[in-house]
Amino acid sequence: MAKTEKSKTSSDDAARARREHDRLSADIARHDALYYQQDAPEISDAEYDALRRRLSELEHAFPDLEHAGSPSQKVGAAPVAAFGKIRHDVPMLSLSNAFADEDVVEFADRVRRFLKLSETEPLAITAEPKIDGLSISIRYENGALTQAATRGDGAEGENVTANIKTISQIPHHLKGRDVPDVIDVRGEIYLGHKDFADLNAAQEQAGEKIFANPRNAAAGSLRQLDSTITAKRPLKFFAYTWGAATALPGAMQTEVVAAFKSWGLPVNPEMTVCETTEALLAYYRNIESRRAKLGYDIDGVVYKVNRLDYQERLGFVSRSPRWAIAHKFAAEQATTILRGIDIQVGRTGALTPVAKLEPVTVGGVVVSNATLHNEDEIARKDIRVGDTVVVQRAGDVIPQIVRVIEEKRPLSAVPFEMRQTCPACGSHAVRDAGEETGDEASNGNVVRRCTGGLICPAQAKERLKHFVSRNAVDIDGLGAEKIEFFFDSGRIKTPADIYTLQKRDAASDEPLSGLKGFGKKSVDKLFSAIEARRQIPLERLLFGLGIRHIGETTAKDLAKAYLTLDALRAASEAAVAGGADSDAYRDIDNIEGIGETVVDALVDFFGEPHNVAFLDALLKEVDVTPFERTIAVASPVTGKTVVFTGTLTRVTRNEAKAQAERLGAKVAGSVSKKTDYVVAGSDAGSKLTNAQALGVTVLTEDEWLELIAKGDA
Ligand code: IVH
């Protein structure tokens, strides 16, 4: 590490400051999550402010610390002020609940009594799924989306307009002739089962927080201060009601919803109209039986009186309408016996305890395994082998153990003790060092990891499975079972071996086509699937290598920034040589979307000779194709480095970024001497100050749009 001009003490100070900064950042992130996502703050506002003050003091003294991942770089200072508030012109209320069939009968009777309808007079009631997401109110003025707010306390919600605008299902303009001058369209933001599973897999891969269920994931995704993160989450929307409106396109609930659809808003196709209570209950049972197959979580059915004049007459009691009710499903839970706790070894060596259960049906699905997350969770819930436990499933989510029924505990049951060695290779398993640096503390994960690294067969197998998986190199017909077999029989130990398999097989005494379960046809098919992947796009290779913290998105960000493997490798090797204080290290850190955790992971990977050897062996077999991006050649911003800061009003931050990149600019997360333009929206903070201090050209949003318009022409 070349550090001639700095004295030893000042570099020690810097290192100490960096450690404190890391710790503070993790603490702040944890308290933000407690405050925003779990609504369960552990410290007072004053204590929180003190943490933030200390963070800015450190950043003031050591400006290098102010990287893109620092909480100080998030828009808005204090969390309370992070999102602006929006008052709902018409309050967002909740629904009263029905649990039993009788409650539904009682609801219909009450409505009839209130409206003084005789038994023979028709009363149409709509039925639709109750989506388990979060409600949102979206204002359209003259057809244009102008603002969006969360429910908040019902009277006042958070302004999440920029985030809502990133959701592709939500139109920025309503189409059609009967759109009122002003209407607050209301509905539910949610995440589908498949998207939820993909998101959690990506989060896990990147070492980020795992969401407990789709609702939390949707809420966490929507309440991002950085809307580029929301934009990456495939949030969805169903419009089902409205607030303030200058006019309504119908006299029935169903007519308004049909108009929503004609305007381009997504509405739930499962909505129907029932004429009798029996029909409502039949609808409820039908939806309940299809619940797992809908593709998104629902927690019941909502019934609404269809005629809007009736709704008006019925009005509200306290905080819920008299004209609607939610018929909730019973929680999908069951009790069973915990027969054992297995330990699975993941690709990064993480040991995950898995509950082996006496098979039991939960919500129509037989469950025999449940995740136990980690040893701390087992201790917290005091889960012991032999216990009778309550198991829960929500939609497609992996079953969980909710609690233990202690009265049923056998006398012989002893507290669980996590093994200290890896079940696959016997190496020591240690509690993750991330704990001390704080990088895992923020998501409450305490992982025990196998230290066997390259000698651990379980890790090696998982890495191979990851390498060939669909979103990585994507080799068809090389699934988990085949990898297990090829690994155990010594045929494939590393990714390079995959590509030499055919040649070795041709010369082998025991060719695959002679083995049980391998016909000539299937072997040929496998070989051609492997051949088809001798060219690997850079971003897929990067993801497939399984470097810690490099998930799909990060792999793409890196590929986009470096274009070729050679360039990325050269940059990483320079960072290995130069250390964390080098320009090379900071250059990588400076890429939008890339933080220190990722740079450290790259440095760890390229600093380890074994990894380099295995990569080189692979590169003898495959070609890595450069990242493809389309660049408009004659743009005034081609090759320029741009930083966006503050709130943009004419386009979302994400759109601005994509546009800049389309024109060949590089978008960075923080300001340095190399920055060409800083585009400052309203409420721009320290990035603007930095730009001014460094003499970087600052543009307003309009000036920026004008500049790039010259290139588009
Ligand atoms: S109608 C006056 N329809 O349930 C309230 N709500 O418990 C009218 N929800 O806050 C709401 N699916 O977030 C309605 N199809 C649906 C719904 C639905 C989910 C949520 C909504 C509301 C909560 C009430």
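Things worth noting here:
- Residue in segment 128-151 that is farthest from the ligand (Cβ to nearest atom), counting only those that are open to solvent by 30 Å² or more (accessible area, probe 1.4 Å), more than 13 Å from Leu222 (Cα to Cα) and more than 20 Å from the chain's Cα centre (by Cα): Asn142
- Those residues of segment 176-186 which are surrounded by fewer than 18 Cβ atoms within 10 Å (Cβ to Cβ) and either touching a strand residue (DSSP E or B) at 6+ places or on another chain (Cβ under 9 Å) or at pLDDT 95 or above (or both), in sequence order: Asp181, Val182
- Residue ranges of helices (runs of 4 or more DSSP H) in segment 594-688 with at least 2 members open to solvent by less than 30 Å² (accessible area, probe 1.4 Å) and touching a helix residue (DSSP H, G or I) at 6+ places or on another chain (Cβ under 6 Å): 596-606, 609-619
- Selection of segment 231-252 for residues being assigned to a loop (DSSP other than H, G, I, E, B), more than 16 Å from the ligand (Cβ to nearest atom) and either of a type in the set (Lys, Arg) or closer than 28 Å to Arg653 by Cα (or both) yields Arg233, Pro234.
- The residues on offer are Glu312, Glu270, and the sole one that is within 14 Å of the ligand (Cβ to nearest atom), open to solvent by 70 Å² or more (accessible area, probe 1.4 Å) and of a type in the set (Asp, Glu) is Glu312.
- For the condition within 25 Å of Leu265 (Cα to Cα), outside any helix (DSSP H, G or I), touching a residue at least 24 places away in the same chain (Cβ under 8 Å) and not β-branched (Val, Ile, Thr), Gly176 qualifies.
- Residues in segment 77-119 that are within 30 Å of Ile594 (Cα to Cα) and in contact with a strand residue (DSSP E or B) (Cβ under 9 Å, 6 or more places away or on another chain) were compared, and the one that is modelled with the highest pLDDT is Gly84.
- Scanning segment 80-89 for residues that are within 16 Å of the ligand (Cβ to nearest atom) and open to solvent by 60 Å² or more (accessible area, probe 1.4 Å) returns a single hit, Asp89.
- Tallying residues that are touching a residue at least 12 places away in the same chain (Cβ under 8 Å) and either among the charged types (D, E, K, R) or away from the ligand (no atom under 16 Å from the Cβ) (or both) within segment 101-127 yields 10.
- Scan of segment 350-361 for residues that are surrounded by 19 or more Cβ atoms within 10 Å (Cβ to Cβ), within 17 Å of Arg403 (Cα to Cα) and of a type in the set (A, V, I, L, M, F, W, C), ordered by number: Ala355, Leu357
- Considering residues of segment 56-76 that are open to solvent by 30 Å² or more (accessible area, probe 1.4 Å) and in a loop (DSSP other than H, G, I, E, B) only, the residue modelled with the lowest pLDDT: Gly76
Results for (1) crowded, with 17+ Cβ neighbours inside 10 Å; (2) among the hydroxyl-bearing types (Ser, Thr, Tyr); (3) not in a helix (DSSP H, G or I), shown as yes or no for each residue.
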residue	(1), (2), (3)
Glu158	yes, no, yes
Ser168	no, yes, yes
Glu188	yes, no, yes
Ala202	yes, no, no
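- Segment 172-211, subset more than 16 Å from the ligand (Cβ to nearest atom) and among the acidic types (Asp, Glu), residue nearest to Asp132 (Cα to Cα): Asp195
- Failed criterion for Ser320 (all others in (1) in contact with a strand residue (DSSP E or B) (Cβ under 7 Å, 6 or more places away or on another chain); (2) more than 30 Å from Gly452 (Cα to Cα); (3) at pLDDT below 95; (4) surrounded by fewer than 20 Cβ atoms within 10 Å (Cβ to Cβ) hold): (1)
- Residue within segment 515-522 that is surrounded by 12 or more Cβ atoms within 10 Å (Cβ to Cβ) and either part of a helix (DSSP H, G or I) or in contact (Cβ under 8 Å) with a residue 12 or more places away in the chain (or both) present: yes
- Extreme residue, least open to solvent (accessible area, probe 1.4 Å), among residues of segment 285-309 that are charged (D, E, K, R) and farther than 20 Å from Gly133 by Cβ: Asp309
- Candidates are the residues of segment 475-491 that are over 22 Å from Arg540 (Cβ atoms) and part of a helix (DSSP H, G or I); the one that is most open to solvent (accessible area, probe 1.4 Å) is Glu481.
- Residues in segment 282-338 that are farther than 15 Å from Met271 by Cβ, part of a helix (DSSP H, G or I) and either in contact with an Asp or Glu (Cβ under 8 Å, 6 or more places away or on another chain) or among the charged types (D, E, K, R) (or both): 8 in all.
- Filter result for the condition that a residue is closer than 23 Å to Arg215 by Cβ, of a type in the set (D, E, K, R), open to solvent by less than 70 Å² (accessible area, probe 1.4 Å) and more than 16 Å from the ligand (Cβ to nearest atom), over Arg384, Arg393, Arg347: Arg393
- Scan of segment 285-295 for residues that are modelled with pLDDT of 95 or more and under 18 Å from Tyr240 (Cα atoms), ordered by number: Ile287
The values are calculated or read from the model by the stated rules, or taken from the named source; none is laboratory data. All figures in this text were calculated on a predicted structure; none of them were measured in a lab. Cβ sites come from the backbone with ideal geometry, for glycine too, and all protein chains shown count toward neighbours. Remember, those area values only see protein heavy atoms, side chains included, never the ligands or the DNA or RNA. Shrake-Rupley method; radii C 1.70, N 1.55, O 1.52, S 1.80 Å.
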